[in-house]
Amino acid sequence: MNSQVMYHNVPTPPGNVSLAAAAPDGGLLYAGVRCINYISAPPASGEHPKVVTMSTRINILALDVSPLWGNGVGSPTKPFAIVGDDLSVQVWDCGLGEAIIGHKAHQHQHEARDVRSVHHTTSSVLMSYLANGNILSMDASDLVIYCVASNTYCRRPTFISPRNHQLTLLRCSPYNDNLFAVGTAMGNVLVCDLRKMNIIYKFHGHKAPICGLAWREVPGPPEEPLNDLTSRAEQWRNRNGGQEEKPKKAKPPPLAKSRAAESDDMFDIYNFDHLECEFGAPVAVRRKSSEDCGGGFVGLEKPTGAAALDFVEACESVKADLLANRQEENTEHVEVTLKDCEPTKPSGPLSDASTISNKHDASDSTEGSLEVIQYSSSSDDAVIVDGEAAKPKREVLHHIYHQAEVHASETPQANFEPQSNLQTVPAISTETISSTSATTARSDTLLVSIDGDEVMMIWNTNTGAHAGKNYSKSKAAGKLNNVYWLNDQVIVSLSRHQLFFWSLEFERKMLRYKITKDRGHSCHLQDIVSFACDSSKEMIWLCRNNRQIGMINPQTGQASAFYGTVAFGVRAMAECPDDMNKIALGCSDRRVAFFDVSKLSTSCLPIDSVYVTSNVYSLAWSPNCLELAFGTFDGTVGILDVERMKVKTHLRTPHKKEVYSLVWQDHYIYFIVNRVFGFFDMSKSKTEPTIVNCISRPSYLCVRGSFLFVGTDDGLLQLHERDSGMDKSWTPFIRQSALLPRYVTDIAWNPLDSNRFAVAGNDKTLYVMEFQPTERNWKPQLKFTASAEKASITSLKWSHSQKHLLLSFHIEGKVCLWNCNEPEKPPLTITYHCPMWCGMFLPTDENIIICSGKALSVELIDIKEALAGDEKNICPKVDALLNVKWASKSLTQPYAPVLTAAEKKRQRREHRKITAKQETESHNKEGKKIQEHNAIVNDSSAATTPLNDNPVNDIPVHETPVEEMLGALSLDKKAKKVKANECTKCKEQENKQMPDSFLTHSRTCLYLVQKELNKSALEKLAVVLTEDAAKIDKSVLMSKLFSTKVMAKELIATELSNLKQSNTKDIAPLCLAISTFKLREELEMHMANKTLTEWHLSVAPSVSFTLWQDCCRAYAKQMEEKGYIMHAATYLFSLGMQSEAIDLFLAHEYYKEALVHARICLPATDPMIKTIINKWLDHLEGTGNFGAAALICVLDNEMLRGYSYLRKFRNCTPEIAELMDQIKRIGQLGGVLDGCAPIEPIHNGSTADH
C-alpha cells in the first residue's frame, strides 16, 4: 500500500460530554475520553491527511478554538483552549500536539488540595475565546480574563448573580472584543459587556435550560426607497379614503424603534408599517372623526374642496422644493481628495454609525466622514467643532483640507493624487444619492439560542429586539441540542440526534425573521451525537453514535469523508488468518473493533465496533475465521459472529478475574484466568469449563498440534503433551526451563519458520528458541536484552515477510525492532510517553508498524526512512503536559469598573487614615526604643566609658520591645499555642481509644447520694427536719438508705438511670446490676448494643455457662470490628474454636500467628497449613520481599520455588547468585532447570533511554 495514505493516528470516539468545534482551516476538534482529537479537512489529491490525538490525562469540561488559528502570530500557530476537570484552563497548540500555557485561577483553596474528590460538571467552569484572542472563563463566583500573549490573568467577582442565574453556556461575540452571551438553566439569555461589567440585555422566552448559542453578523434588511414610500402612502390614502364602511379592527403590530434617527432625511418620519397606531388609535378612526367635525371648523381660512389636508403630501412637496434649490445653488467646494481623507474610512452612511458598534466602539467619532461634510446641511451654516465657538463651514473645510495636505506631504506617495470623487458628486442627482443612502444595507449582529425543548429564538444584539422564534412540536427534552449558522440565511440545529435546517426570511411588516424548514439542505442520519459547522465552506462535521466521525455536504446530503475511531488502551490485536487485512482489536472500553486495512484511503478510515459486556484482554480467531473469541476483565469468554457483528454467547469461567490468555484450536477454547488453566468444549450443547489441575500457576499458553506450551507465574516455560486416546487431558510437564525471573507474558511463533518461537515476560530479557518436536525439546538460539533496568515486555510479534524481524512492546513506553540476523546491533526503538501493550506489522506494508498503548488509540509509524538512514531512535510523540507554563496573576486589572467621585474620595480618605496610623505607630516604637537605650547608657556610664558619642546607633537590632514584653505578661491575653508538625500516624495512635476494659479508679457507685452529701447537705437536713414523709421521700435520696429493702432498690434504679444517661465507663453500673439480681438482663442489653467489656465476661459465669459462651462470641465479634484481632482470637481459642481463630488470623494477614496455631491445633496433613504458607508467600511477593519468600520456601522444602523467588531480584548481586547456586545444588535442580544453563551472551546494543 502507498504510505502516503497512512494516518499517523487513529482518532478516539467522542466522550460523554459532546464537545466539538470547527477549526478555521476546515478541520474538526472534538473531545474524547481524556484526550483531544483533530481531523483535518479532506485533503486534495496528493496531500496527506492529518489526524492528531492528544492525551490530556484528565476529562474535558469545555473546548473552544481561537480566532487567531493559523495567523502565524506568536508561538502557538494553531491554538485552542480546554477546561479540565481539575478546573484548569489550558491553551494547546495543535501543530505541536501539546499544551503551551494555562492558568489555575478557578482552583479555589479548599479544592486545590485534592481536585479528584469533587466531581465537576460542564457548568462548573464556562470558557470561550474573545474576539481579540484572549480567553474568558466563568464559574459561580468569579470571572477570569486570561491574556494569552502575556500569560497573565485577572480574576474579578462576577456581576451575574449566581442565586438568580445558574449558567449553562458561554459564547463570546466574534465581532466585538467586549460582548459575550450566557445561557441559564431558567431559559434566560444574557448579553453582557465585559468592559462595563454589566448586563446589557436580558432576553426571556425560553422555558428550558439553554443548550446552544451562536453569533452571526448578517446584512440588515434594506430600507425602502423614497419612491416605494410615496407609492405605499398613495395606496394607503386611497384605501382609507375610498372605504365608506367601518374598517375591521386588526391587531396592531408591535411597536418598533423609529428609523428617523438612522438616516439624514429630516422628513423621513413616517413609518407606514406603524402609522395606524402612531397616536394611540387607528388612523382610519381619527380621519373619520375629523371628517365628522368638519362643519365645526374654526380658523382663518377653511380649505376649499372636500379633500382634507394631507401632511405627508405637504412634507414631500416641501422636501422637493428644498432639494431643487440645493441643486440650483452654485456652491464653491473645496477640493479635498479621497486619498487625503483616507484615515477616516467611512464604511457606510451616517445612519449606520449606531449599528456598526460590533467592530468599532459606539463612541467613535464620524467627524471626518465625507458624507457629514458634504450633505449635513444645504447652506453655509455655522458648524461647532470640538466645543469651540461656531465657525463657518468653509473655514472648517479649509482646516480639514490643510490637515490633509500636511499628512499627505509626510507620506512617500504624496505626489500621486487620484482623481477626486467629490468633483463628480454635484453631477449626481441629490435624490439619487439620498435614495442610495437609504437603501444601503446595514449589518445586524444576531444571536440564535436553542433550549432543551428544541425551541429556537433569534435576538438582535444591536437593538435588543426579539428577531424570530421557532416553536417545537416535539415534547422530548434533550441535553444534546445545539445550533450553528450555516450561512446568513440558513441555521442548523441538532435535536433528537438529527440535523434540522431552517431558512430565514425577513418580514417587513412584523420586523422579524420568519423561520421555516429549509428544503435546499438535508441530512438523513439519525444517530448524531454532536456536530460543528464550517461556515466558510458550508460543510458540517458529525460525531455519530456508532463512533464514526464524518463530514457531509448539506446541499447534497452526501458524506465526503468518514473516519472510524478506537478508544485508548487497545490490549489485544489479532489478524484474521484467512484475510490478513482484517485486524481485530480488543479495546478497554467494552468494545471489539475491526480494522479493514484494504479499504483505507485519504477520506475513509474503516473501523467497525461491537459493544461487549466488559473490557477485552485477549482475542482468538476460530479455525474457520467466521467467529472470534474474546476474554474479558470480569472472567467471561464471549463468542462474536464476525459476519453479523453480534455476540452469540458468553461462557463463564471459574473466576471473575482477567482472562489474559486465549487459544481456539479445533472445537476447544483454552483459557487462563487467575492462575488457573481450563478449556471449553464447543462440540457440546452445555459448555461448562473443564479445569486442568496438573498445571500450576500458568500465565500464558500456546497450543501447537498435540503440544501445549505454558508460561508460568514464576518465569518457567513448560512443555505438555496431550494424552493418547484422551483429548481432554494433558500429561504433566515433560520439559521445563527457567527462562525468566518473573511471569511469562507472550509466546510468539514465527509464521515463516514453524519451529522457531520467542518468549518474553516481565523482564528485560527476550529469548528466541528453536523447537525440536521429535525430541520433545527446545534449544535457545538468541537472547536479547533491553537497556532499561526495570524493563518489561508485554507482547511480541514476528514479521510475515521477513523471518528475521521481531517486534517487542515494552511497559516503559518503547517499541523495539530486533534483527535476528544482526543480533549485535542495537534495535530500532520507538519511544512513547505511556506503556505500550500490543502491535504488529501492517499486513500490506511492513514499513508501517501498528501499535497501541495505555494513552494511545492506534498509532501507525513509518519506519522506512529510519531503516534507510540507519537511525536507531524515533520519538513520534512526547508528553503533552511536560512543558506547560502556568500563568501568574496580573498586577493590573484592565477591566476595572469605573469608580464614581464619591467612591474615589472614600478610597483616598481611608488610605490617608491607614498611612497616618502606620506612621504614628512607627514613631512611638522608635521613641520608646531610644528612651530605653538612653536609660541603659546612663546606668552604665559610671563604670564604662562609651565608645561612641552617638548612642542611637548602638541600639541592638534584635532586642525585644518593652510593649511586647508587657503584652506577654498581661493576664488578659491568652498565650498562643504554637503547633509543631506532628506525624499523622502518631496522632492517630494517640487518639485511638483503648479497649473498654481499661481500668479506671472509682470511689463510689452512688453518685447522686455523694452529690447530696458534698453540695446540699444543709438543704437536705432542713427538709428532713420538717418531718414531712412525702417530701422527704421525694427530695432526699439519702433517706432511702435508712429505709426498707424496697426503698433501697428504688435508690439503685435511680442511680442506674443516671449512670446510663451520663454514659459512665466504669464498673459502677455492673456493681449495681449485680446487687439487684438483674445481671442477665444487663449482659443481654450490652450484647445487643455491642458494649461488652471484660468485666461483663468475668461475671457472666455466675449466671450460666451458656451465657458466658454467648458473651465470649459477642465480645470476639465486637473486638474484631474494632480492629483488636488478637483479643478476638484469644476468646475464640478459649471457646475451643481453633479453626475460626486461624481463619480470623489469616483473613487479617496474621500469617505467623495463624501458622503457629495451625501447627499446634491441626494435623500435620491438614491442607490449611499449605494454604497459610501459599498466602504468606503471595503476600511477601506482592510486597517485594523475595528474600523472606525464598527462606520460607527452603524451610518448607520447596527448593524450586525458593530458587524462582531469588531470580526475581532485578539487581542480582554476587551474594544472591551464590545462594541460587547453593539452592540448585542442595535441591538437585540441575535436571529440572535444564534450560537455565547459561548460554553465550550476545553483546547486542542496548535500546536508548529517553
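The values are calculated or read from the model by the stated rules, or taken from the named source; none is laboratory data. Here the structure is a predicted model, which is why all the values come from computation and not from measurement. With ideal geometry, Cβ positions are generated from the backbone for all residues, glycine too; neighbour counts draw on all protein chains shown. When the accessible area is computed, the model is the full protein with side chains, heavy atoms only, and any ligands, DNA or RNA have been set aside. Shrake-Rupley method; radii C 1.70, N 1.55, O 1.52, S 1.80 Å.
Quick rundown of the values:
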{"item": "Answer residue from the range 552-610, given it is assigned to a loop (DSSP other than H, G, I, E, B), in contact (Cβ under 8 Å) with a residue 60 or more places away in the chain and of a type in the set (G, A, S) and is surrounded by the fewest Cβ atoms within 10 Å (Cβ to Cβ) among those", "result": "S603"}
{"item": "Residue list for the range 862-880, restricted to those being open to solvent by 10 Å² or more (accessible area, probe 1.4 Å), under 23 Å from G97 (Cα atoms) and not acidic (D, E)", "result": "N873, I874, C875, P876, K877, V878"}
{"item": "Extreme residue, most open to solvent (accessible area, probe 1.4 Å), among residues of the range 144-188 that are more than 25 Å from the chain's Cα centre (by Cα) and among the hydrophobic types (A, V, I, L, M, F, W, C)", "result": "F159"}
{"item": "Of residues in the range 807-819 being more than 36 Å from the chain's Cα centre (by Cα) and closer than 22 Å to M580 by Cβ, the one surrounded by the fewest Cβ atoms within 10 Å (Cβ to Cβ)", "result": "L817"}
{"item": "Listing of helices (runs of 4 or more DSSP H) fully contained in the range 1093-1134 that carry 2 or more residues being over 19 Å from E1153 (Cα atoms) and open to solvent by 40 Å² or more (accessible area, probe 1.4 Å)", "result": "1094-1099, 1105-1122"}
{"item": "Of all residues making up the range 823-842, the number that are assigned to a loop (DSSP other than H, G, I, E, B), surrounded by 21 or more Cβ atoms within 10 Å (Cβ to Cβ) and out of contact with any Phe, Trp or Tyr (no Cβ under 9 Å at 6 or more places or on another chain)", "result": "1"}
{"item": "Failed item in (1) modelled with pLDDT of 90 or more; (2) surrounded by fewer than 20 Cβ atoms within 10 Å (Cβ to Cβ), with N1197 passing the rest", "result": "(1)"}
{"item": "Odd one out for R1210, checked against (1) touching a residue at least 40 places away in the same chain (Cβ under 8 Å); (2) surrounded by fewer than 16 Cβ atoms within 10 Å (Cβ to Cβ); (3) more than 29 Å from L716 (Cβ to Cβ); (4) not aliphatic (A, V, I, L, M)", "result": "(3)"}
{"item": "Residue check, G1136 under 24 Å from R1080 (Cβ atoms) and not aromatic (F, W, Y)", "result": "yes"}
{"item": "Which numbered condition C702 fails, given (1) open to solvent by less than 10 Å² (accessible area, probe 1.4 Å); (2) part of a strand (DSSP E or B)", "result": "(1)"}
{"item": "Enumeration of residues in the range 843-883 that are of a type in the set (D, E, K, R), within 31 Å of the chain's Cα centre (by Cα) and not in a strand (DSSP E or B)", "result": "K854, K877, D879"}
{"item": "Failed criterion for T1064 (all others in (1) outside any helix (DSSP H, G or I); (2) modelled with pLDDT of 70 or more hold)", "result": "(2)"}
{"item": "Single unsatisfied condition, R652 versus (1) within 21 Å of D579 (Cα to Cα); (2) touching a strand residue (DSSP E or B) at 6+ places or on another chain (Cβ under 9 Å)", "result": "(1)"}
{"item": "Residue, farthest from the chain's Cα centre (by Cα), within the range 500-538, restricted to residues that are closer than 19 Å to G27 by Cβ and open to solvent by less than 30 Å² (accessible area, probe 1.4 Å)", "result": "D534"}
{"item": "Residue pairs meeting the criteria (Cβ under 6 Å; at least 6 apart or on separate chains; first at pLDDT below 90 and part of a loop (DSSP other than H, G, I, E, B), in the range 61-85; second among the small types (G, A, S) and surrounded by fewer than 19 Cβ atoms within 10 Å (Cβ to Cβ))", "result": "T77/G95"}
{"item": "Positions within the range 677-691 being in contact with a His (Cβ under 7 Å, 6 or more places away or on another chain) and open to solvent by 30 Å² or more (accessible area, probe 1.4 Å), in sequence order", "result": "M682, S683"}
{"item": "Residues (touching a Phe, Trp or Tyr at 6+ places or on another chain (Cβ under 7 Å) and not in a loop (DSSP other than H, G, I, E, B)) located in the range 13-34", "result": "A20, A22, L28, L29"}
{"item": "Matching residues, the range 640-662, being part of a strand (DSSP E or B), open to solvent by less than 60 Å² (accessible area, probe 1.4 Å) and hydroxyl-bearing (S, T, Y)", "result": "T649, S661"}
{"item": "Test: residue in the range 897-919 that is touching a Phe, Trp or Tyr at 6+ places or on another chain (Cβ under 7 Å) and closer than 30 Å to S88 by Cβ", "result": "no"}
{"item": "The range 663-687 residues that are closer than 14 Å to T649 by Cα, paired with ones that are part of a strand (DSSP E or B) and open to solvent by 40 Å² or more (accessible area, probe 1.4 Å) (beta carbon under 6 Å, 6 or more apart)", "result": "none"}
{"item": "Residue satisfying all of: in the range 122-132; surrounded by fewer than 21 Cβ atoms within 10 Å (Cβ to Cβ) and within 22 Å of the chain's Cα centre (by Cα); modelled with the highest pLDDT among these", "result": "S124"}
{"item": "Breaking point among (1) of a type in the set (A, V, I, L, M, F, W, C); (2) open to solvent by less than 60 Å² (accessible area, probe 1.4 Å); (3) at pLDDT 70 or above; (4) more than 55 Å from the chain's Cα centre (by Cα), for A1073", "result": "(3)"}
{"item": "Counted residues, the range 727-771 - those being of a type in the set (F, W, Y), at pLDDT below 90 and not in a loop (DSSP other than H, G, I, E, B)", "result": "1"}
